[in-house]
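Some notes on the structure that comes next.
Every read-out reported here was derived from the displayed coordinates using simple, explicitly stated rules and does not represent laboratory data. Predicted model only: the values in this text are computed from it and were never measured. Positions of Cβ are backbone-derived with ideal geometry, glycine not excepted, and every protein chain shown enters the neighbour counts.
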Amino acid sequence: MSARIPLFTLAPANLKALVNLSTVNKKGALGERLVELIHLRVSQVNGCGMCVDMHWRDLVKQGADPRHLNALSAWREAPFFSERERAALAWADAVNALPQRDDTDAAWPALREHFSDAEIAELGYTIAAIRGWNAINLSLRNQIPEQPAPGM
C-alpha cells in the first residue's frame, strides 16, 4: 500500500493544530511517559502501525524497557505497570471503544482514585488526539517509514 495523499504537506493549519495538541498533552500533568503509553496502547487497539512504531520508539528513547512495551498489548496480565498506569490504560481502552461499547462505568472508580479532575480532562484530550491521528493515518494509508525521520 501507499499513502493516498501527501497528508503532511496539505492543510498545514490543521496539521499544526493537531501537533500542538499532542505537544501540549505531553507537557501536562500526566507526564510524557504516561501520555506515550496511552498513545501506544490506543494505536495498538486501532491498528495504526505508523503510530505504534513512532510511540514505541519514543518510549524506548525515554528509557522504557522494550519487554514492558511489548507486554502493553496484554497490560492486564503484565506485572510491569503501576496502579495509576493501569487506571489510565483501562480508561483509554474504555473511551477508545466508544460508541460501539461503553465500559467507562467500570473504569471510572480506579480513574477517580488515581487522577484529579484536571488530569482526567488531560487524559481525555490525550485519547482524543491519538484517536484523531490513528483515524487520519489509517484512512489515508500512511505507512510506517522504512527509515524514521532524523530525530524521530
Hey, which of the helices (runs of 4 or more DSSP H) in region 1-76, taking only ones fully inside, have at least 2 residues that are out of contact with any Lys or Arg (no Cβ under 6 Å at 6 or more places or on another chain) and among the charged types (D, E, K, R)?
12-26, 32-46, 49-61
Across region 68-111, which residue is farthest from the chain's Cα centre (by Cα) among those that are charged (D, E, K, R) and under 15 Å from E36 (Cα atoms)?
R84
Considering only residues of region 17-50 that are in contact with a Leu (Cβ under 8 Å, 6 or more places away or on another chain) and in contact (Cβ under 8 Å) with a residue 60 or more places away in the chain, which is nearest to R76 (Cα to Cα)?
I38
Yes/no for L59 being over 17 Å from G132 (Cα atoms), within 10 Å of the chain's Cα centre (by Cα) and either of a type in the set (G, A, S) or surrounded by 13 or more Cβ atoms within 10 Å (Cβ to Cβ) (or both):
no
Quick count over region 25-71, residues being touching a helix residue (DSSP H, G or I) at 6+ places or on another chain (Cβ under 8 Å), aliphatic (A, V, I, L, M) and over 24 Å from L140 (Cβ atoms), is 8
